[in-house]
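Here's the structure we're looking at; comments come further down.
The values are calculated or read from the model by the stated rules, or taken from the named source; none is laboratory data. Bear in mind the structure is a predicted one, so any value in this text is a computation, not a measurement. When we count neighbours, we look across all protein chains shown, and the Cβ atoms used for this are built from the backbone with ideal geometry, even at glycine.
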Amino acid sequence: MKVNAAAMRNHARSEEGRKQLRYAGVSLVFVPLGQVLIQLFGAFVFDHPGGDVNWTAASIASAAVLTVPNFFANKYLVWKNTSKDNLRTQVIVFWVAAMLGVSLATLLTYLVDSMIAGHGLWEKVAVFCAQLTGFGIVWLARYFILDKWLFKVTHHGEAPDEEDLEMMHGDLPV
């Protein structure tokens, strides 16, 4: 497959391309917010006497604060899904996907924190990189989970075609 500027422009103009750009745009808002929250929680909430910062707790707290607004931003802005159908299921699946991201990012944060604790600015930079790596890996997987199962487009009032029926049989039973 050859990738060139014209092909990328054409893809960006397609519905799928626009959705992917919206997904990236929502992430461009929530990733920095999450990183700022982690640093703030680390500095003001999880900073123990002696300068020890619990970055793992800061990471989990940041995710807990941002998961709900991130869900609604993805649901309404990226997939343009305004339906109230299966809202509980959607929130649970999104939460599980978010917790997978938090778990991987937190594991990487814990490893980095245990290796370079007490190194000031370098520690903060390493925590930032560990977070971005963990969330980045899951970010890609989460797009496919959200697109294929959670917010997939259905045509109300129309009978699904054979391809849609086949895909529905493989859906997660949540």
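Exactly one residue out of 56, 82, 89 is touching an Asp or Glu at 6+ places or on another chain (Cβ under 8 Å), polar (S, T, N, Q) and either more than 18 Å from residue 26 (Cβ to Cβ) or without any contact (Cβ under 8 Å) to a residue 12 or more places away in the chain (or both), and it is 56. Do the conditions hold for residue 166, that is, is it modelled with pLDDT under 70, assigned to a helix (DSSP H, G or I) and farther than 27 Å from residue 37 by Cα? Against the criterion (modelled with pLDDT under 70, assigned to a helix (DSSP H, G or I) and farther than 27 Å from residue 37 by Cα), residue 166 qualifies. Can we say residue 7 is surrounded by 11 or more Cβ atoms within 10 Å (Cβ to Cβ), touching a helix residue (DSSP H, G or I) at 6+ places or on another chain (Cβ under 9 Å) and among the aliphatic types (A, V, I, L, M)? When the stated conditions are applied, residue 7 does not pass them.
Would you say residue 112 is farther than 17 Å from residue 147 by Cα, surrounded by 14 or more Cβ atoms within 10 Å (Cβ to Cβ), β-branched (Val, Ile, Thr) and within 16 Å of the chain's Cα centre (by Cα)?
no
Going through (1) among the charged types (D, E, K, R); (2) closer than 30 Å to residue 121 by Cβ; (3) surrounded by 13 or more Cβ atoms within 10 Å (Cβ to Cβ) one by one, residue 18 falls short only on (2).
Exactly one of these conditions fails for residue 139: (1) at pLDDT 80 or above; (2) not in a helix (DSSP H, G or I); (3) not aliphatic (A, V, I, L, M). Give me its number. In the conditions (1) at pLDDT 80 or above; (2) not in a helix (DSSP H, G or I); (3) not aliphatic (A, V, I, L, M), residue 139 misses (2) alone.
Please count how many residues of region 48-71 are more than 15 Å from residue 105 (Cα to Cα) and either at pLDDT 90 or above or under 16 Å from the mean Cα position of the chain (by Cα) (or both).
First pass over region 48-71, keeping only residues more than 15 Å from residue 105 (Cα to Cα): 48-53, 65, 68-71.
Then keep just the ones that are either at pLDDT 90 or above or under 16 Å from the mean Cα position of the chain (by Cα) (or both); that gives 65, 68-71.
The number of residues fulfilling the criteria is 5.
Of all the residues in region 1-38, those that are in a helix (DSSP H, G or I) and polar (S, T, N, Q) number 4. Taken as a whole, region 72-86 holds no residue that is modelled with pLDDT under 90, under 27 Å from residue 18 (Cα atoms), of a type in the set (S, T, N, Q) and in a helix (DSSP H, G or I).
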